[in-house]
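First the structure, in the form of structure tokens, and then the observations on it.
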Amino acid sequence: MKTSSIVVAAIILTFLGIAFFSSSHQQSRLLSPLIGSSLTEKPKNTGPLAKYNFDNLSKEVFPGSEIELKKIIKKERNYTSWLFSYQTEGKTVSGMANIPKDNGPFPVIVMVRGWADQEIYFTGLGTRKAAGVFADNGFITLAPDFLGFGVSDQSSADILEARFERPVTVLSLIASIKYLKSADPEKIFLWGHSNGGQIALSVLEITNKAYPTTLWAPVTQSFPESILTYIDPSQVSTDSQKVIDSVDSFKKEYDPALYSITSFLDRIKAPIQIHQGGADPLVPKEWQEKIISELEKSGNKPAYFYYPKSDHNLKEDWDLVVERDLKFFREASSF
């Protein structure tokens, strides 16, 4: 009788053990992906590049620095072109300043160029022609070279950080305008071309300031699509592969949306006008139509000018484009 009871008990315990193991194994199998991811997934947005996301930059106070007029580049009838420099995050940035004659104070247009080849770059490339017209009509123009260009200090060796430094460079310049004797720090405007347009939009979103802004063929794609769209997947070079690899690594540690102009369009309070050429091989008109639609949803109604025959530099309608910009800045300046 005892033997029989022992056998029955053993069978019951064995059954319960199997059931427990099966249940535990099933629970472990269901939970392990969550447990594993919590142990192995890197926390997002806590690395060294986190300081450049728009939310963090919006909390940053940029003290500015003295704008030093280093040497005269050229004297014109109504203004003088200077090589100038200022500080951004402990680094020196050079650029071209056009200062009208007389004492001022003058309204200021910060001019943000697009992509440039370092090997052929010179101070004022991409901005000096339009800047000359604005300065001739009573505006100070400040066009930073950016780090790594002109006689500026070097940019970061990190491909993406070098990109993220550029809105910061402009923010530092804006903060420095109050130290320029002939400038009116209450009248600051932005002008941007191509990728410079994206930088200008970034500044508007980070600051939430209503700087009147005019954009020529701005790159308005989200990040990192704004970079990757210019890489031909059928002809990836060594340099292009470095960019792709950098973006892939970045996405593992950070949320790209926090660095993208398309995520913060509702923060833009500034009056904006956009110029787009129909023969532009680099920026399609559909990008502008989309960004305008998104801005309108948040209550901003940009002025949009389309030039069917113009290229990326709006060369075929350049005089008309600059005339419209001058009118825009004059109205914003109330003179």
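Derivation of every value follows stated rules applied to the coordinates shown; laboratory data play no part. Just so we're clear, the structure is a prediction, and the values are computed from it rather than from any experiment. Every residue, glycine as well, gets a Cβ built from its backbone with ideal geometry; the counts of neighbours run over all protein chains shown.
Working note: Karplus 6.51/-1.76/1.60 with θ = phi - 60° gives region 96-104 the couplings 10, 10, 10, 10, x, 6, 6, 9, x Hz, where Gly and Pro are set to x. Mean-square fluctuations from a GNM of the chain, with a 10 angstrom spring cutoff on Cα atoms, peak among Ala135, Ala50, Ala143 at Ala50.
Computed about its Cα centre, the charge dipole of region 190-269 is approximately 340 debye, with only Lys, Arg, Asp and Glu carrying charge at their Cβ.
In the chain, a dipole from Cβ-located charges (positive for Lys and Arg, negative for Asp and Glu) runs towards its positive end, and of Ser310, Ser194, Ser333 it is Ser333 whose Cα lies farthest in that direction. Per-residue Karplus couplings for region 65-79, computed as 6.51 cos²θ - 1.76 cosθ + 1.60 with θ equal to phi - 60°, are listed in order as 8, 5, 8, 8, 8, 7, 7, 7, 8, 6, 9, 10, 4, 10, 7 Hz, Gly and Pro entered as x.
Averaged over every viewing direction, what's the projected area of the C-alpha convex hull for region 48-333? Give it in nm², one decimal, please. Display every interim value, and only then the final one.
On the way: hull surface 57.8 nm².
Dividing the Cα hull surface by four gives the mean projection, 14.4 nm².
Multiplying the residue separation of Phe122 and Arg77 by 0.36 nm and removing their Cα-Cα distance gives an extension gain of 13.9 nm.
Assign unit charges at the C-beta atoms only (+1 for Lys and Arg, -1 for Asp and Glu), then state the dipole size of the chain relative to its Cα centre in Debye, rounded to the nearest 20. All intermediate terms of the calculation are to be shown ahead of the outcome.
Numbers: 36 positive and 39 negative charges, 123 e Å.
Here the size comes out at about 600 debye.
In the chain, the longest principal axis of the Cα atoms and the axis of helix 159-176 are about 50 degrees apart. GNM on the chain, alpha-carbon springs under 10 angstrom: the most fluctuating residue among Lys71, Lys178, Lys209 is Lys71.
What is region 57-131 by shape, rounded, prolate or oblate, if you read a ≥ b ≥ c off the alpha carbon gyration tensor as root eigenvalues and call it rounded for a/c under 1.5, prolate for a/b larger than b/c, and oblate otherwise? Show your work: numbers first, answer last.
Values: a/c = 1.76, a/b = 1.19, b/c = 1.48.
Since a/c reaches 1.5 but b/c is at least a/b, the shape of region 57-131 is classed as oblate.
Of the residues Thr238, Thr229, Thr127, the one that moves most in a GNM of the chain with alpha-carbon contacts below 10 Å is Thr238. Using the Cα gyration tensor of region 227-335, with a ≥ b ≥ c the square roots of its eigenvalues, what is the shape: rounded (a/c below 1.5), prolate (a/b larger than b/c) or oblate (neither)? In terms of gyration-tensor shape, oblate.
In this structure, the amide hydrogen of Val112, modeled 1.01 Å from its nitrogen in the peptide plane, lies closer than 5 angstrom to those of Trp191, Gly192, His193, counting only residues at least 5 positions away or on a different chain.
Taking only DSSP H segments of four or more residues, each worth -39500 (n - 2.57), what value at 222 nm results for the chain once the sum is divided by all its residues, to the nearest 500 deg cm²/dmol? Could the numbers behind the result be given before it?
On the way: 9 runs with 134 residues, N = 335.
When only DSSP H runs of four or more count, the value is -13000 deg cm²/dmol.
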